[in-house]
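Everything below concerns the one structure shown next.
The values are calculated or read from the model by the stated rules, or taken from the named source; none is laboratory data. Given the structure is predicted, the values throughout are model-derived calculations rather than measurements. Positions of Cβ are generated from backbone atoms using ideal geometry, with glycine treated the same way; all protein chains shown enter the neighbour counts.
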C-alpha cells in the first residue's frame, strides 16, 4: 500500500485539484485508491459533491459524541476511487490533541487499518505546516509538492522540504519528496523562465509530467466532478493521466495500457513478434531537453515508457509499432506538449494547439 501526501502550505497551487484528479486517474489505471481529505476547508470533499455530516474528525477525535471507524465514513466516488470526507471540525484537532503523547502518529494508526484494501492512499493536506500536515507526512512514504510557476512558490517548497527533513530526522521516518509543476501557462514567457529555475533547483526530484492551465479543471470542480468525468479528452485529463502513469511506472515498471488487459510480459512478447512488421520512426531535434515522449491517438495520448524517445547527439528518436492508418500525435518535451516542427501535416485541436498527422502505410513508412 503506497501512501502519498499532497502538500504545500501555499494556497492556490493546485494541491486539491491534483489530489482529486490524480486519485481518479490512478483508479482508472485499475488501482484501488483512497483519497483522505485532511483539509478543514474540505475542498476535496466539496469538489466531489460529498456532503456528509461525518468526517475524519469523527475517527481521530476523542471528544466527539459520534466516534466512528474509518470504514464507517469511506464514500465511493466512482469505480475504484473512494474518499474520506472532511469538515470544519477537523481544524480543532490540533488544539484537542496538543498535549497527547504520540499525537503525530494518529493518522498512521488509522491508515494501518486499510492495509490490503487499497493500493494507493492519497492525503490532501491543509495549506499549512501544522499538526495535520505533520501527521500526513508521518503516515506517508512520499510527498508530492505541487508548485505553480511563480517566485513565491519556490519559497513555499523550501519550507515544506525543511519540515519533511525534520520528520525524517526526529521521527526516524524515511519519506521521499517529488515536485510537480502545476498551472503551467505555455503562453507566458515568465512561465518558462520560472520552469527553468525550478528545474535547476529541483532537477533530481521533479516529475516529468507538467500540469497545464486548463479551464476544464476549474469547470469540473465547480460541478463537483473529476476532470475525466467532465471531459476525458481535455488537456487537464490527459495531464493527470500522464502523471498517474509516471507514478505507477516508477514503482512497478508496469507498462500495461488501460483497457488492454495485457501484462507487461505479454506486451513485450507481442512487441518482439511484430517488431519487423510495421515500425514507424519518430524524431525530434531538442538538444536541451532532458526527456521526450511521443504520444497520440495510437496510444490514447498516454505517457508510457514504450514511447519514451532516446537521445543521440541532440536528436531524440524512437520506433513504434503501428497498424496502417492515419494518426494524430504530439511530443511531450520535459512535460510540455509540442507538435512536430518538421511535419507540415497538421490540424488544430480542441485545446487551441496543433496535432501533427502521420499516415502509416502497409509497408510501415509514413
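Only one of 194, 183 is at positive phi, in contact (Cβ under 8 Å) with a residue 12 or more places away in the chain and buried (at least 19 other Cβ atoms within 10 Å of the Cβ). Can you tell me which?
On the way: 194 fails: at positive phi.
From the options 194, 183, the qualifying one is 183.
Taking the condition within 18 Å of the chain's Cα centre (by Cα) and within 30 Å of residue 248 (Cα to Cα), does residue 37 pass?
When the stated conditions are applied, residue 37 passes them.
State which residue pairs qualify: first residue at positive phi and in the same structural domain as residue 337 (by TED's automatic domain parsing) and inside region 297-324, second residue modelled with pLDDT of 85 or more and surrounded by 14 or more Cβ atoms within 10 Å (Cβ to Cβ) in any location, beta carbons under 8 Å apart, and separation of 6 or more residues or different chains.
Close Cβ pairs satisfying both conditions: 301/238; 301/241; 301/295; 314/286.
Return the residue satisfying two criteria in turn: it lies in region 329-366 and is crowded, with 18+ Cβ neighbours inside 10 Å and over 23 Å from residue 199 (Cβ atoms), and of such residues it is modelled with the lowest pLDDT.
So the residue we want is 360.
In the list 246, 225, 158, 219, which residue meets the criterion of being in the same structural domain as residue 6 (by TED's automatic domain parsing) and modelled with pLDDT under 85?
After ruling out the rest, the residue left standing is 158.
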